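Heads up: the structure comes next, in structure tokens.
What follows draws every value from the coordinates through simple rules; no lab data is involved. All figures in this text were calculated on a predicted structure; none of them were measured in a lab. Here Cβ is always computed from backbone atoms with ideal geometry, including for glycine, and neighbour counts include all displayed protein chains.
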There are 2 protein chains.
Amino acid sequence: MSEEDAESDEHGTSGTFDEHGSRTDGGRDDLEAVVAAVRERIEPDAEERDRLRTVADRLIERAETAATERCPDADVMQVGSTARDTWISGDRDIDIFVRFPPELDRETLERYGLEVGHETLPEGHEEYAEHPYVKGTVEGFDIDVVPCFRLESATEIRSAVDRTPFHTSYLQARLDDELTADVRLAKQFLKGIGAYGSDLRTRGFSGYLTELLVVEYGGFRGLLEAAAEWQPPVELDPEDHGQETFDDPLVVIDPTDPERNVAAVCAAENVARLQHYARRFLDTPRTEVFEPDDPGSLDETALHAHLERRGTTPVAVRFEAPDLVEDQLYPQLRKSLEGITTGLDDRGFDVFRATTFADDAAVIVAELAVADRPAVERHDGPPIHVRSHADGFYEAYADDPDAYGPFIDGDRYVTERPREFTTARGFLESDRLFDVGLGAHVETALTEEYEVLVGDEIAALCEAFGRELARYFEPRP
Amino acid sequence: MSEEDAESDEHGTSGTFDEHGSRTDGGRDDLEAVVAAVRERIEPDAEERDRLRTVADRLIERAETAATERCPDADVMQVGSTARDTWISGDRDIDIFVRFPPELDRETLERYGLEVGHETLPEGHEEYAEHPYVKGTVEGFDIDVVPCFRLESATEIRSAVDRTPFHTSYLQARLDDELTADVRLAKQFLKGIGAYGSDLRTRGFSGYLTELLVVEYGGFRGLLEAAAEWQPPVELDPEDHGQETFDDPLVVIDPTDPERNVAAVCAAENVARLQHYARRFLDTPRTEVFEPDDPGSLDETALHAHLERRGTTPVAVRFEAPDLVEDQLYPQLRKSLEGITTGLDDRGFDVFRATTFADDAAVIVAELAVADRPAVERHDGPPIHVRSHADGFYEAYADDPDAYGPFIDGDRYVTERPREFTTARGFLESDRLFDVGLGAHVETALTEEYEVLVGDEIAALCEAFGRELARYFEPRP
């Protein structure tokens, strides 16, 4: 469960189109026909809705009983896409928020919240987001029971979860049947292009953001037509109440909170991705774009062929993934990737492209254009006219048998000294790796143990990370 | 003969100190003792002076006769260091200027000048600086007979040679015996450190500049003490009449021409070199510094050892030296070196250090830190929101079987395409070599024929350029 919306972390998990036959035509259906086919596929049918409604109603009733027993002024609210009917066939998330009056102290709220959660979901377990909450499975549905404060306005919130009920109320008032159907299309489109989800691995469009955009642009097609022509930074403020400025490519001021950019997490790449696919889809509508692309797994033969064709030298640092949720792990992996890339570049091992991924193991991969350096490096000294520095520099190297020079280049002394690392492996296997900016948990994990793979040795990653390697070596928008 | 002073192109040709024994003490003589020993060595003795005087007087008389026969108002003047007694034992240049009245037209001046030259030097041959002139050898002395206009002021000059008599007059009025002896020391010092000569190979201190500096700072020691503390740009204006500003590290306004920087040719490196050696000499006076350093010739074994130790990959372009005087050749070689270095760097072949030299063959050498590149190169496309460019870029590469991508990085499309050159040799042997900035005559020479040497192949340069390679691989200030 993210702070944005419960479905934000389930990117790419919807079923395939294969059994529907709409992929196999491969033709250039016109947009309406394509949209109709996709709607058919993603709209939950009556039976699926009934099953969900039945389970949700039963749990809400249970939660209400448990909550009002403890605090007569409490109430219960279903939130998220299943509350707003913007869920996609196959989604199985039911989010139940238990709202307590703001007079309650936080400790009591948390205690009541867990008690209500356990009474509602006797098989459930506790998790922790902003408050602790209870999560469980009932008849195949994933249920969260989350306590929050019931406030007058979203600007008074004490934690991010308090905001969620405002979002649901705001959207429920604006989504008619047609817009609701278009929200489903927009979500499925974003899933298909890999830009759906405000989790920190994806850094894409949250469910709430998608719904706001569909409302703002009057539908799915309106959103695509607008996105195709976006000139970031794009700034939307549905309630016209924003005052702060944001340094993000997409800014959507939260209608329930003027100080918040709903799209703060959305990376420039995902904004660009939506633009790219919106243009292509409006030009040539296809059902395929609504389905997440599965690149298949890159096998060793294909990997070797890529390395041969590219003439680069990949290096990989592999270690045990720190025991963190993805929203904590991926920022740390990205920070470590940035640090290691900079560390390599600074030492002359030019990084051509780089990536990071994890499951049980975590891997940072840098593809090098230059993997070897000469044994010497140039060391520019001070200008000779800055006498105090110049004399010190000259004295330091004049009798150094390992240094060439000092000699004069322009107005400076220069020496050529032995280079610390002549291979990328040498650097990556040294303690200097710990001088670069690493995520804290990544640093701890590396202190334990890590392995450096160079060149063809990265074939060892194919088994666990064949899909990630395929995405890397066969990149698409 | 340069425009500055006749001795400017004879850098490093004075004899050695070996026969004087002053080198073998190796001790830290105090400054006065060292200076005395050097003076002893470089001061022409009575016999040497007499020989020169006798020859000079005879030739001047001949020139006067020949000149006044043609133009009664002409006169003859000896200029340069042998006229000012600032010559160093072993120097053999006698410069005789034949001055004609400014009313004479240039054509007639040139005709008279050559006629006088040939009558003065019956064995002489014609050369061309600003005017044609006659050069010859008499009793071991190198004689120039140069025509010029006799003007009221150096600001009226029509060509650079017209200025020379003013320089001689200016200095003759200011050089007493002590300063004259110190000029000799300063010149020998600059020769010893390789910074003497305003020719465009050396780009150092001309004779005239050296004499002005000694006068300005009151002697050899004064010059060294000042130079040790110089904070370039250093600006001297002995007559306090300069108005223009110059963008040179050393500016000495010509006392005879307020618009001219006498040190315009002097490179930052040679200013720095004088500072470096002035400090060392004042700290530890040694006679050795007055003698040009002979690095010996680098043989193949030593070359291989350096390449092994450095781990770099030298590449050399060897071609027949264009038939030009050094003052024309070296600027062209440097321009070509700059162009080729940039061409290599631009293609990812990182140039570590580079040099150029010539005798019959000319060579441009670039020592590479990176001699090989991968088979692909990154090609950043336009930002995706610039739709017209972005669409064109995407269409161009979407179906290109040789390109990876397009994919999205940040807000841009990126492709990875085959790289034009994966080796420095490939670039240097291609026509693209002619796209870089080359000196015009170098370009012509390369069009004829050239050879590319890579790595150990540069051992082929040891025979002709062993000294230059020794200077390169054993660099000193």
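Miscellaneous remarks
- Total formal charge among the other residues, if their Cβ is under 15 angstrom from that of residue A:402, Lys/Arg +1 and Asp/Glu -1: -2
- Rounded if a/c under 1.5, otherwise prolate or oblate - segment A:27-79, Cα gyration tensor axes: prolate
- Projected label distance in nm at residue B:46 and residue B:69, using a 7 Å step from Cα toward the beta-carbon: 3.7
- Helix B:268-283 axis, angle to chain B major axis (alpha carbon atoms, nearest 10°): 60
- Distance-filtered residues of segment B:424-464 - backbone nitrogen under 19 Å, label point 7 angstrom along residue B:308 Cα→Cβ: B:455-462
- Taking trypsin sites (Lys or Arg not before Pro) across segment A:215-313, none is in a DSSP loop with at most 15 further Cβ atoms lying within 10 angstrom of its Cβ.
- Mean residue ellipticity (222 nm) of chain B, computed from DSSP H runs ≥ 4 via -39,500 (n - 2.57), nearest 500: -12500 deg cm²/dmol
- Net charge contributed by nearby residues that have their C-beta within less than 9 Å of residue B:144 (K/R +1, D/E -1): -3
- Principal-axis tilt of helix B:326-346 within chain B, Cα atoms, nearest 10 degrees: 20
- Fraction in percent of alpha-carbon pairs per bin - 5 Å, segment A:104-260: 2, 8, 14, 17, 18, 16, 12, 8, 4, 1, 0
- The mean count of C-beta atoms from other chains within 10 Å of the C-beta of residues in B:352-358, rounded to a whole number, is 2.
- Cα long-axis angle, helix A:46-70 against chain A (0 to 90 degrees, to the nearest 10): 90
- Segment B:404-473: GluC sites (Glu not before Pro) falling in loop per DSSP and having at most 11 other Cβ within 10 Å: B:449
- Under the combined filter of DSSP loop state and at most 12 neighbouring Cβ atoms within 10 Å, segment A:41-136 retains these GluC sites (Glu not before Pro): A:103, A:123.
- Inter-copy label distances at residue A:178 (7 Å, Cα→Cβ; nm, one decimal): 10.5
- As a calculated quantity, the FRET efficiency between residue B:169 and residue B:139 at R0 = 35 Å, using C-beta atoms, amounts to about 0.80.
- Segment A:329-363 versus segment B:81-141: alpha-carbon centroid distance in Å: 71
- Its Kirkwood hydrodynamic radius, worked out from the mean inverse distance over all distinct Cα pairs, puts segment A:376-418 at 10.0 Å.
- In segment B:6-290, one over the average inverse separation of all distinct C-alpha pairs is 19.7 Å, which is the Kirkwood hydrodynamic radius.
- Cα-based equivalent ellipsoid, chain B: semi-axes from gyration tensor eigenvalues, Å: 49, 28, 23
- Seen from residue B:455, the other residues with C-beta closer than 12 Å to its C-beta sum to a net charge of -3, counting Lys and Arg as +1 and Asp and Glu as -1.
- Calculated FRET value between residue A:288 and residue B:402, using beta carbons and R₀ = 30 Å, to 0.05: 0.75
- Label point of residue A:457 (7 Å along Cα→beta-carbon): distances to the other copies' equivalent points are 3.3 nm, sorted ascending.
- Compactness of segment A:299-385 - radius of gyration and Dmax, Cα, Å: 16.8, 60
- Note on segment A:76-141: Cα-Cα pairs beyond 17 Å make up 47% of the total pair count.
- Inter-label distance for residue B:434 and residue B:235, nm, one decimal - labels placed 7 Å from Cα along Cα-to-Cβ: 4.7
- Each listed q (0.10 Å⁻¹) maps to a log10 I(q)/I(0) for the protein assembly as shown, found by the Debye formula over equal Cα scatterers with no solvent: -1.13.
- Rg over Rh [alpha-carbon atoms, Kirkwood Rh] for segment B:320-438: 1.15
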